[in-house]
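Let me begin by presenting the structure, written as structure tokens, before commenting on it.
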Amino acid sequence: MRTALITGSGRREGLGFETARQLAAEGFHVILSARKLSQVEPLAAELDEEGFDASALELDLLDRASVAAAARQVEERFGRLDVLINNAAVMVAAPTVADKDLDELMLEFQTNVVGTWSVTQHMLPLLVAGGHGRIVNVSSGAGSFWDPDYGLVNYPGFEMDRFGEMPITAYALTKTALNGLTIKTAKELKGANVLVNAVCPGVTATRPGTEQWARPAAESAKGVVWAATLPDDGPTGLFFRDGKQLPW
Ligand SMILES: NC(=O)c1ccc[n+]([C@@H]2O[C@H](COP(=O)([O-])OP(=O)(O)OC[C@H]3O[C@@H](n4cnc5c(N)ncnc54)[C@H](OP(=O)(O)O)[C@@H]3O)[C@@H](O)[C@H]2O)c1
């Protein structure tokens, strides 16, 4: 059975758990992971009860020992990994370049960039071992330069329309870095049959009160699952939303 590890999948309403559910429906054994085992155990049990195959794993992106231990556990139990969904991230709803709290800035970069890099690095041997590895970096159009709706160059309109007084400057830049990491990782893994792509899930209702203007997680997760289940001759080192290529 193919295995898929999804980081930050310990919130029932989150995109990570929905992605796990859809991958389980595709026949994967899904490994739900979160900072604390108690966040994912009940969700894995729930999927098991529904007839899917799921397990729970503790994995904190900010704790290198936790990431290493998680990789060891995957290796001991499965000997390989077929899909890694780098979903975990933080977004501190915080202001402009001028006002940004630099400790918050560090937390966002440590989690979204360094933490994702750390997970990728530790899981790479397992992805290569499977022979058909797929990495999906869950990114955002906000981190792209040229996304016509949400990209860095066009963002002010989006800010006015949707987030009002809540610019997401630092978060967006972590996703720019994640997109760069996607390209570099994909290039390194050419020849190992590991496809690496970034996916923007679209604006998604994963928090209460956002349903009016954001789409359901079930809809957004489809594009993540699409990138996780690409055939061997599928694209690598690119950026997608709903299976359609986005500009960087
Ligand atoms: N929702 C959207 O509109 C949207 C749009 C574009 C991109 N995205 C991306 O989609 C992904 C999922 O977002 P979401 O909306 O589902 O938000 P979410 O529910 O907050 O999911 C993020 C998850 O990451 C986890 N996490 C944070 N720091 C972690 C750490 N150090 N170690 C392990 N897990 C950690 C959180 O865990 P805790 O519960 O423990 O905090 C949370 O469960 C993110 O990468 C986000 O940037 C979302």
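The values are calculated or read from the model by the stated rules, or taken from the named source; none is laboratory data. Values in this document were obtained by computation on a predicted structure and should not be read as measured data. Positions of Cβ are backbone-derived with ideal geometry, glycine not excepted, and every protein chain shown enters the neighbour counts. Ligands, DNA and RNA are stripped out before the accessible areas are found, and what is left, the full protein with its side chains, is counted by its heavy atoms. Shrake-Rupley method; radii C 1.70, N 1.55, O 1.52, S 1.80 Å.
So here's what we get for this one:
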| read-out | value |
| --- | --- |
| All lysines inside 28 Å of Lys244 as judged from Cα atoms, apart from same-chain residues fewer than 8 positions distant | Lys175, Lys184, Lys187, Lys190, Lys222 |
| Cleavage-rule hits, trypsin sites (Lys or Arg not before Pro), region 183-248, DSSP coil, Cβ neighbours within 10 Å at most 14 | Lys190 |
| Computed Rg/Rh of region 190-248, alpha carbon atoms with Kirkwood Rh | 1.07 |
| Accessible carbon and sulfur surface of the chain relative to its total accessible area, %, 1.4 Å | 54 |
| Solvent-accessible area per residue, Å², over region 71-151 with all protein chains present [probe radius 1.4 Å] | 46 |
| Top of Leu57, Leu105, Leu15 by mean-square fluctuation, Gaussian network on the chain, Cα under 10 Å | Leu105 |
| Filtered GluC sites (Glu not before Pro), region 185-235: DSSP coil and at most 15 other beta carbons within 10 Å | Glu211 |
| Size-normalised alpha-carbon gyration radius of region 28-159, reference 2.2 N^0.38 Å | 1.23 |
| Residues Asp232 and Lys100, FRET efficiency given R0 of 35 Å [Cβ-Cβ distance, rounded to 0.05] | 0.25 |
| Rg to Rh quotient for the chain, alpha carbon positions, Kirkwood Rh | 0.95 |
| Whole-Å distance, taken between Cα centres, linking region 180-232 and region 102-135 | 14 |
| Dimensions (Å) - region 31-75, Cα atoms, principal axes, largest first | 33, 21, 10 |
| Isotropically averaged projected area of region 1-102, using the convex hull of Cα atoms (one quarter of hull area), nm² | 7.4 |
| Tail weight of P(r) past 14 Å, computed on alpha-carbon pairs of region 56-133, percent | 64 |
